Amino acid sequence: MGSFNKVQLVEVRTDDLVRGVPKKQLWIAAAPPDQAMELVLAVIPEGWSAQLADGLVTAKDVELLKLSPGDVRELTK
């Protein structure tokens, strides 16, 4: 992917609770912010929530992940 400024980190809250608090996952989406949210929400189970996460994605990160535009991946597996 040529431009890594169009890669977003997305924090997902699952419906799995740990001591009463929803478990969190970190996802990455190769898309502008508004589209990244739509892409992540389309692949996570209904009832889970997502929001853009703070954090920087480097060009090296994108290269290692071999992301193409529109790709979505969970990083916390």
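The values are calculated or read from the model by the stated rules, or taken from the named source; none is laboratory data. Being a predicted model, the structure only gives us computed values, none of them experimental. All Cβ positions, even for glycine, are placed from backbone atoms using ideal geometry, and neighbour counts span all protein chains on display.
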Exercise for the section: Restricting attention to the stretch 40-77, report how many residues are under 11 Å from the mean Cα position of the chain (by Cα), modelled with pLDDT of 90 or more, within 12 Å of residue 12 (Cα to Cα) and not acidic (Asp, Glu). Expected result: 10
Practice task
Sort out which residues of the stretch 28-43 are of a type in the set (Gly, Ala, Ser) and surrounded by 19 or more Cβ atoms within 10 Å (Cβ to Cβ), and write them in order of number.
Solution key: 29, 30, 31, 36
Completion exercise
Taking first residues from the stretch 58-72 that are under 11 Å from residue 7 (Cβ atoms) and second residues anywhere that are among the aromatic types (Phe, Trp, Tyr) and surrounded by 16 or more Cβ atoms within 10 Å (Cβ to Cβ), the pairs with Cβ under 8 Å that are 6 or more apart or on different chains are 58/4; 59/4; 61/4; 62/4; 72/27
